[in-house]
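A short write-up of the structure that comes next.
The values are calculated or read from the model by the stated rules, or taken from the named source; none is laboratory data. Keep in mind it's a predicted model, so treat the numbers as computed, not measured. Cβ placement follows ideal geometry from the backbone for every residue including glycine, while neighbour counts extend to all protein chains displayed. The protein model used for the area step is the full one, side chains on, heavy atoms only, and it has no ligands, DNA or RNA in it. Shrake-Rupley method; radii C 1.70, N 1.55, O 1.52, S 1.80 Å.
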Amino acid sequence: MRNALVAEYRKLVTTRMWWVLLLACAAYLGFIGAVLGFSLVFAPEQQGGVTLHGIDAATAVYSLTNGIGYVFPLVIGSLAMTTEFRHQTITQSLLVEPRRGVYLGAKLLATVPVGLLYGLVAVTAVVAASAPLLAGWGDGAYLTDGGVLQVLALSVVVIAVWAVVGVAFGSVVTNQVAAIVVILAFTQLVEPIARVALGSFAGLDQVAKFLPGAAADGIVGASFFSSYGSGAGELLPRWAALLVLLGYAAALALIGRYTTLRRDVG
Amino acid sequence: MTQPGPALAVEGLAKSFGPVRAVDDLTFAVRPGAVTGFLGPNGAGKTTTLRMLLGLTRPTAGRTLVGDRPYGEHALPARVVGAALEASSFHPGRTGLAHLEVFAPQVGVSRRRCRDLIDFVGLGGAAHRRVGGYSTGMRQRLALATALLGDPPAIVLDEPANGLDPEGIVWLRRLLRAFADEGRTVLVSSHVLAEVQHTVDDVVIIAAGRLVHASSLADLAGLAAPETYVESPDLPAVERLCAEHAWDVRPGERGLLVLAPSAEVGAAAYRSGVELHQLASRGADLEDVFLRLTGGVRS
């Protein structure tokens, strides 16, 4: 298993994709962090009638790492799997490791260090872009506050979990283009709408917090959605949220193991 | 590599893709210490068979063995069989050396071994170039290096000569010969007999998923009947002559094809005073035998 982990890790870091996407992630989150920080500081009353102050403003901005940035670890994770099929390297991979469960397990775990790096860079980008605005013109950056630090640390963790979810998803949808389209559609459109829509109906609002993005917010303990009280405010407790998100990874990986990886390869 | 390589066995193997029977009740064995050519036209089921031998494709029926057990049940299978199935299965964005280093841990070899191998296959100068810029021949060499990572006692190569330059083909030929002489098991597929006929000791020929011939190359050559093309103003006389000698005759372009050596046909015609305008040896070569066995047509 150790050798399989080293091999999977090398697969990730021997192409340019991981750092190209990492740069994109940093640039995008830095931009969004700056925009949101700016609007909170200079035009707080425009935010849907809800005004955020003090530590709430800081936490709301910092939680963007997960709320907006989770598409990046999802994509890099799914690519780890789908490139194997796109370029047929899956053949060689299964020649050196015919135990397909071990192969998939190693791939899931080997993304964790890369995911943590993405998390670290994403958090740094958001904080670096927004903290000076919050500190200089707003109510403060709160970077020494225990609760805020916890949010930042858990944001790093949750990004790594998203990378694992990405691998598991890629094992189900092995077509690279399809996987990316589905990820973009789900993260940018389907889930945000579903969270707001489900949250608007009594009875269904309990369902919303089990959506993967909402579960991730639950791990962080802060949500861009909940900050603005859009009706999807309620989050799961941290431990439960972590279990839910890992559950998504496990369920997808199991499906991948018994569909994609049960089939003939090539 | 001190022990002889494992024998490879295919037993009652079958594979259906929907209604298509790609491999059908196929049985053959590959011995160590020899180069075995696995031959058949494109689409005969060669690659599917090799994929089943290597545990990538599940047989509909039958089984395959590497030594005493299926490929996947060896502890470190890539140290038992080195395989190169397609020259195209590389990530184009990875360098040649990185490709080897990715698979090295599971084969149980060092980066040093990767470096040595990439030099050995003649890609030393391109080791740090991305595979996307490699020619087909270079990809073949990289595929071979991947197969050789674990210094395996058995080697399985699918169409290894495709895209290799003539120099590369000679190099590959010598390499495979040396492996066999060391006692390794070498199985090489090809759709062109001529490509491997100077390399192989044994042949396994399949067509439409079924075994049509398995023997030593010498025995295959024994099936190559000589043919003589004859033109004559009196073809009926030639036909009578052939009937006397019990030679099979087929119509040629403007004459006849006689299934006999040209010297004998010429002598017989001379003795009987039959006038001949052409007497050409068209000795059926191995390729003809191969095409006859596989039902193919010479291009």
- Message: Let me confirm something: among A:Leu79, A:Leu109, which residue is more than 15 Å from the chain's Cα centre (by Cα) and open to solvent by 10 Å² or more (accessible area, probe 1.4 Å)?
- Response: A:Leu109
- Query: Does at least one position in region B:87-98 carry a residue that is open to solvent by less than 40 Å² (accessible area, probe 1.4 Å), in contact with an Asp or Glu (Cβ under 7 Å, 6 or more places away or on another chain) and outside any loop (DSSP other than H, G, I, E, B)?
  - Reply: no
- Message: Condition first: assigned by TED's automatic domain parsing to the domain that holds B:Val156, assigned to a loop (DSSP other than H, G, I, E, B) and in contact (Cβ under 8 Å) with a residue 60 or more places away in the chain. Can you find one or more residues in region B:105-120 that meet it?
- Response: no
- Test result for B:Arg79, open to solvent by 30 Å² or more (accessible area, probe 1.4 Å) and more than 7 Å from every other protein chain (Cβ to nearest Cβ): yes
- Task: Among the strands (runs of 3 or more DSSP E) lying completely within region B:224-299, list those that include at least 3 residues that are touching a Lys or Arg at 6+ places or on another chain (Cβ under 8 Å) and modelled with pLDDT under 85.
- Result: none
- Item | Cβ-Cβ under 9 Å pairs, at least 6 apart or on other chains, region A:26-44 side at pLDDT below 85, far side of a type in the set (D, E, K, R) | A:Val41/A:Asp139
- Task: Kindly indicate which of B:Gly55, B:Gly62, B:Gly37, B:Gly72 is part of a loop (DSSP other than H, G, I, E, B) and either in contact with a helix residue (DSSP H, G or I) (Cβ under 6 Å, 6 or more places away or on another chain) or in contact (Cβ under 8 Å) with a residue 12 or more places away in the chain (or both).
- Result: B:Gly55
- Message: For region A:240-247, check the following and say yes or no: at least one residue is surrounded by fewer than 21 Cβ atoms within 10 Å (Cβ to Cβ), touching a helix residue (DSSP H, G or I) at 6+ places or on another chain (Cβ under 9 Å) and not aliphatic (A, V, I, L, M).
- Response: yes
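Residues checked against (1) in contact (Cβ under 8 Å) with a residue 12 or more places away in the chain; (2) closer than 30 Å to B:Thr27 by Cα; (3) open to solvent by 30 Å² or more (accessible area, probe 1.4 Å); (4) more than 27 Å from the chain's Cα centre (by Cα):
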position	(1), (2), (3), (4)
B:Val203	yes, yes, no, no
B:Ser216	yes, yes, yes, no
B:Ala225	yes, yes, yes, no
B:Ala267	no, no, yes, yes
B:Ser272	yes, no, yes, yes
B:Asp288	yes, yes, yes, no
- Note on the structure: Within region A:185-211, the count of residues that are assigned to a helix (DSSP H, G or I), open to solvent by less than 80 Å² (accessible area, probe 1.4 Å) and under 16 Å from A:Leu74 (Cβ atoms) comes to 6
- Across (1) outside any strand (DSSP E or B); (2) free of Cβ contacts under 8 Å to residues at least 24 places away in the same chain, B:Ala194 clears everything bar (2)
- Does B:Ala14 satisfy being in a strand (DSSP E or B), more than 25 Å from B:Phe120 (Cα to Cα) and under 21 Å from the mean Cα position of the chain (by Cα)? yes
- Note on the structure: Residue set B:Gly18, B:Gly43; condition more than 12 Å from chain A (Cβ to nearest Cβ), touching a strand residue (DSSP E or B) at 6+ places or on another chain (Cβ under 9 Å) and surrounded by fewer than 23 Cβ atoms within 10 Å (Cβ to Cβ); output residue B:Gly43
- Considering every residue within region A:10-18, establish whether at least one is more than 10 Å from chain B (Cβ to nearest Cβ), open to solvent by less than 10 Å² (accessible area, probe 1.4 Å) and more than 23 Å from A:Thr259 (Cα to Cα). no
- Exclusive hit being of a type in the set (Lys, Arg) and facing chain A (nearest Cβ under 9 Å), set B:Arg115, B:Arg94, B:Arg111: B:Arg94
- Residue list for region B:21-33, restricted to those being under 13 Å from B:Val156 (Cα atoms) and either crowded, with 23+ Cβ neighbours inside 10 Å or touching a Ser or Thr at 6+ places or on another chain (Cβ under 6 Å) (or both): B:Val30, B:Pro32
